[in-house]
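Only one structure is covered here, and it is reproduced in the block below.
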Amino acid sequence: MAAITTQSLVKEYPGGVRGVDEMDVTINDGEFFALLGPSGCGKTTLLRTIAGLEETTSGTISIGNRDVTDLNPGDRGVSMVFQDYALFPHMNVEDNIAYPMRVRKVAKEARHKVAHETGSGLALDGLMARRPNQLSGGQQQRVALARAVATRPDVLLLDEPLSNLDARLRLEARTFLKELQRDLGVTTVFVTHDQAEALALADRIAVMKSGKLQQLGTPREVFRRPSNTFVAGFIGSNPMNLVTTTLGTGTIRIGEQEIPLPSSLADLPGLDAGRSIVWGVRPEYLQLSEDPLDVSLTGEVTVVENLGASCLVSVLVGDTRLQVVVSEDDEPAPGTKVWVTASERHSLLFDTETTERITP
Amino acid sequence: MSQVADPLVATPGSRKGTGRRPVRHDDVAGLGKLRAGFFVAPALALVGLFLVFPAVWTAYLGMTNYKLTGLSAKAPDFVGLKNFTDTLTDPAFHESLKLTLVFVLFSGILGQSLLGFAAAWVLRTTNKVVKSLIEFLVLLAWIIPSSVVSFLWVALLDRGDGTLNAILGTQGTSWLTEYPMQSIILFNIWIGTAFSMLLFSSALASVPPSQMESARMVGANTWQVLRDIVLPHIRGHILTNTLLITLWTFNTFTPYLLTAGGPNHRSEILPVYIYKVAIAGGHLGVGAAISLIMLLINLVIAAVYLRVLRERK
């Protein structure tokens, strides 16, 4: 068990492209940590650099109290599960799980004993003699996990652990993975491009873009208090409403209409009338009413998308399109005139230039 | 579901009005033996004409005393299995067969395979430009006509003005007469390595990188990665490659252009031996008999490899 610390970590590819750019991250001991970002953001590169599969260009990586920057992958006390699981097709399940111990010259009986114990912990009893191609996707993933944890690593790295499973199995595997991580208590870092997966699994999330860290925080923090418009737009199943607009005197202008600035912002300096800002509020934090309300924006329903237990309603306020989530019984018909109220607590302001959040 | 017949699905009865419909046989293609035979007949004819007939003709010639010149060139006599028994008990044939096996083992199986694999393995991680350049040069050795290549090698190994002697400072060493087998083995490796290299290059590209990385993650060294991951993955490629180069090396005549089987039969591999008996010596019947023996050896080699190949799980 160990914490992972990177200091000004840089991974530069030939040609000067930086996969990882000045990363300073501390991953606590026993933490379930997500690296989240769109494809090409450098999250997998960071994971592979921690694993030792990519050489560090500059900066350091420590695991526990050891500087592992220049160590070989095998000497770092790190296990990794690859996206395609990388099971060896010519070995059966037992030999696959026992392989890391075979490399470390553990006696045959001893390593097969550990393989069986680990395997039964992961519901692989009775599959030990099978070849990987005789297993389902979920079973293959459990074999890969068993192989990774059988040697009791300090750190477990997972590259897109759920992406090769079909949608239903993915939810099952998600719960299973969280349980396994909690039981083992091993420091775990996983890479994902799926924000829902990161929110559901991780204790903390690092959101990355172009090799740079955008925000580091708990799922609640990155969901409720995104540090910039990129994180705000990336996190959340329904994208956050981000409206570029200007301030009035103590108000936010949305088209022809105005709503008051949230009271928490009243004392902030620099929020003068006429300043350009981005107003952000999640569809879940907007309320919709078919009756006129004070302190609300009025507009017309254009599209209603059914999400099952709820509906995503698009409302045209002037030229601005706002999306609102309403529960399934309350959905208005398209064309209805509605009033939209933003939860003051959940309204965020971002700077137009820097895209950073202004709301504390 | 309803039992109403779907009009889009043809039922046996609905065919009646459409006149003569070909009967569908229950083999895989649904053709039946007669029509299937008709389709493969042209191919079978070609195979028969160019492969089976020459083999049978060789077998027939091997049982005659057919010669290049003289009376038996005009009217060869049937001599039964005499040529075969003579050959099989001839020490010269034994010696030639032994040389051939040494030649195949060192220049084909060990030399070309190992060197080709090593080159493919190293080039895997080499810079693209360097890789293409080396592949081009190696391939060149393979595609240049053997007569040209032989001339280059004669120039290289020549006693008087040979390049090798100039480089090593060993003027007067006659490589081709002092080390005939070593010379033709190196020569054949030089020509043939390209094939193994290309084959193994594509074989290595088919090994998923994540599997090699998985092994590296648990601390496996290069040798362990090769043994546990790479070789099991490319087992089929290795066997195919070995089969092909064994047969090619077994049957190659090009070394004749360097040493002509000499000196004193010391590099007289089977194809050269046959040439000397049949063409130089004029004993076409005996030559045919030896050729047939060689053909049988080839068949045995191929059968063994195919057997091993089929055993893979």
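General observations
- For segment B:32-44, putting each phi into the Karplus relation 6.51 cos²θ - 1.76 cosθ + 1.60 with θ = phi - 60° gives couplings of x, 5, 5, 5, 4, x, 4, 5, 8, 4, x, 5, 4 Hz, in residue order, rounded to whole numbers and with x for Gly and Pro.
- Pairs from the table (A:LYS43/A:LYS178; A:LYS209/B:LYS131; A:LYS11/B:LYS128) lying more than 25 angstrom apart at Cα are A:LYS209/B:LYS131.
- Mean accessible surface per residue for segment B:206-313, computed with a 1.4 Å probe while every protein chain stays in place, in Å²: 45 Å²
- Segment A:115-158 shape via C-alpha gyration tensor axes, a/c threshold 1.5: oblate
- Overall form of segment B:82-312 per C-alpha gyration tensor (a/c, 1.5; a/b vs b/c): oblate
- The residues neighbouring B:HIS94, those whose beta-carbon lies less than 14 Å from its own, together hold a net charge of -3 under the Lys/Arg +1, Asp/Glu -1 convention.
- Overall dimensions of segment A:241-358, expressed as equivalent-ellipsoid semi-axes from the Cα gyration tensor (√(5λ), whole Å, largest first), are 26, 14, 12.
- Averaged over the residues of A:78-88, the number of partner chain Cβ atoms lying within 10 Å of the residue Cβ comes to 5.
- Accessible-area value, B:HIS25, 1.4 Å probe, nucleic acids and ligands omitted, Å²: 80 Å²
- Put simply, the convex hull of the Cα atoms in segment A:31-80 casts, on average, a shadow of 4.0 nm².
- Whether segment B:260-313 is rounded, prolate or oblate, judged on the alpha carbon gyration tensor where a/c under 1.5 counts as rounded: oblate
- A straight Cα-to-Cα reach below 22 Å connects B:LYS98 with the lysines B:LYS276, residues fewer than 8 places away in its own chain not being considered.
- Over segment A:1-109, the alpha carbon radius of gyration divided by the compact-protein estimate 2.2 N^0.38 Å works out to 1.20.
- Dimensions of segment A:175-257 based on its C-alpha atoms, expressed as ranges along the principal axes with the largest first, amount to 56, 26, 20 Å.
- Eigenvalues of the alpha-carbon gyration tensor of the protein assembly as shown, scaled by 5 and square-rooted, set the equivalent ellipsoid semi-axes at 73, 35, 25 angstrom, largest first.
- For the Cα trace of segment A:115-267, dividing Rg by the Kirkwood Rh returns an Rg/Rh value of 1.15.
- Report summary: the helix-based calculation at 222 nm, which adds -39500 (n - 2.57) for every DSSP H run with n ≥ 4 and divides by the residues of the protein assembly as shown, gives -12500 deg cm²/dmol.
- Kirkwood Rh, angstrom, segment A:4-228 [1 / mean 1/r, Cα pairs]: 18.0 Å
- Other residues lying with their Cβ under 15 Å from the Cβ of B:LEU123 contribute a combined charge of +2, Lys and Arg counting +1, Asp and Glu -1.
- Positive minus negative residues near A:SER8 (Lys, Arg vs Asp, Glu; Cβ under 11 Å): -3
- Total accessible surface hidden between A and B, rounded to 100 Å², 1.4 Å probe: 1700 Å²
- The mean sequence separation of alpha-carbon pairs under 8 Å and at least six residues apart, normalised by the residue count of segment A:4-228, gives a relative contact order of 29 percent.
The values are calculated or read from the model by the stated rules, or taken from the named source; none is laboratory data. Values in this document were obtained by computation on a predicted structure and should not be read as measured data. Note that we place each Cβ from the backbone using ideal geometry, even for glycine, and neighbour counts take in every protein chain shown. Surface accessibility is based on the protein's heavy atoms, side chains included, excluding ligands, DNA and RNA. Shrake-Rupley method; radii C 1.70, N 1.55, O 1.52, S 1.80 Å.
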